[in-house]
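Take a look at the structure set out below.
Every number here is computed from the coordinates shown, using simple stated rules; none is lab data. Source: prediction; values computed, not measured. A quick note on method: Cβ atoms are made from the backbone with ideal geometry, for glycine too, and the neighbour counts reach across all protein chains shown.
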Amino acid sequence: SKKVAIIGGGPTGLTLAYYLLIQGVQVAIYESLPVLGGFMKTGIPRYRLPQETLDKEIGFIISQGAEVHLNTKVGRDIKFEELMSKYDAVYLGIGNHDPRMTGTPGSNTAGVYHALNFLQDVSLGSMINVGKNVVVIGGGFTANDASRTSMRLGAEHVYIMYRRREIDRPGFPSMNAEEEMEETVEEKVQYMWEVTPFEYVSENGHLVGVKYWQNEMVIEAQGRAKPVPKKEKVLYIEADTVIEATGQEPDFSFLGDKYLRQLRLTPHGTPIIDERGMTSIDGLFSGGDCTNATRDLISAVRDADRATVGILEHLNIMDQIADEKWLPILDRWKKYSATAGRSKK
């Protein structure tokens with residue numbers, strides 16, 4: 001029997017596991033976290049996605065016979081090179097979870113988080129004391145999630161700082177973006193438009209506030225408004241917690257130097273794949289948020305669908321497929337897409 005290793009237990013990895021398992025391929029999933037589900041499990045607040053329902057779907061997939069290794073970080077607990085030699089194919093479904101911090105002076109102070117780590121810790125049961133005043137940096141959907149989660153953790157005042165105008169927000173204008181903003185405002189979160197934080201202030205090692213500038217929006221030649229800080233006046237807001245929702249990127253360092261040199265990347269830092277989902281390394285496939293530009297749930301599942309065919313062809317068992325077992329799983333995930341599968345940028 002052929003064996004495939006899947007790195008990452010999110011939607012794309014779980015979908016691929018299901019498809020391969022029902023075709024008789026042995027599957028091992030390596031997940032660095034203590035739970036499966038990826039961003040849907042640890043990045044989407046529970047008030048938007050009931051975990052019990054998601055756990056049931058994950059259980060259904062795993063019941064098909066997958067070998068699961070939780071709390072197992074490839075590159076630390078097992079070498080990537082070992083997987084490549086041990087398995088007939090390997091799939092990268094690692095997501096897009098390496099936080100991009102702003103590097104603002106004071107960002108190493110206790111009480112400063114990246115939104116991905118913050119939401120993940122809360123979803124895994126950590127009771128974070130956010131204090132009375134929380135400042136969230138960023139203007140996307142993740143900033144909304146972090147701000148509303150902070151309110152649920154007991155914050156009295158939550159502010160979202162965004163350096164551009166309201167109309168410049170990611171995803172705006174769209175029904176999703178407008179609805180998200182309305183719901184966020186209903187929960188008493190306050191938006192601060194056209195501001196640039198430049199220092200996180202601490203006293204005795206504890207965060208106490210944020211210094212920032214008001215921006216002037218200057219229209220460039222291309223017609224895009226550029227935020228230019230008005231540095232002559234320093235503004236200040238009290239903060240017990242700062243959460244940076246300022247983007248993330250995939251991290252492929254666990255591949256090691258040998259394979260990193262062989263892996264061809266796009267200008268955006270994602271693997272270049274062929275029509276079968278295979279990378280520039282023979283036998284290494286990739287999909288989901290670490291690979292595609294849309295970074296949404298449906299695309300992640302479709303990547304797994306494509307990679308399934310590619311892997312079966314690579315294993316020379318495509319002609320053995322039992323058509324009656326090819327059960328599309330896309331519909332099973334669509335109900336989550338409507339609730340929680342919007343863009344995760």
Neighbouring Cβ atoms within 10 Å as the yardstick, rank 114, 157 fewest first. 157, 114
Based on Cα positions only, what radius of gyration and what Dmax would you give for the chain, in angstroms? 21.7, 71
Taking the Cα centre of the chain as origin and charging only Cβ (+1 Lys, Arg; -1 Asp, Glu), how large is the dipole, in debye to the nearest 20? 340 debye
To the nearest Å, what is the center-to-center distance of region 135-192 and region 51-96, using C-alpha atoms only? 33 Å
Placing +1 on each Lys and Arg Cβ and -1 on each Asp and Glu Cβ in region 100-244, then taking the dipole about the Cα centre, the residue among 214, 192, 128 whose Cα reaches farthest towards the positive end is 214
Show me 74-84, 294-304 ranked by packing, highest mean number of other Cβ atoms within 10 Å first. 294-304, 74-84
Given the pairs 132/231; 56/79; 3/41; 3/73; 132/211; 188/233, which are separated by over 21 angstrom at their Cα positions? 132/231; 56/79; 3/41; 188/233
Write down the Kirkwood hydrodynamic radius of region 100-244, to one decimal in angstroms, obtained as one divided by the mean of 1/r over all alpha carbon pairs. 15.6 Å
Dipole size in debye (nearest 20) for region 100-244 around its Cα centre, Lys and Arg Cβ +1, Asp and Glu Cβ -1? 500 debye
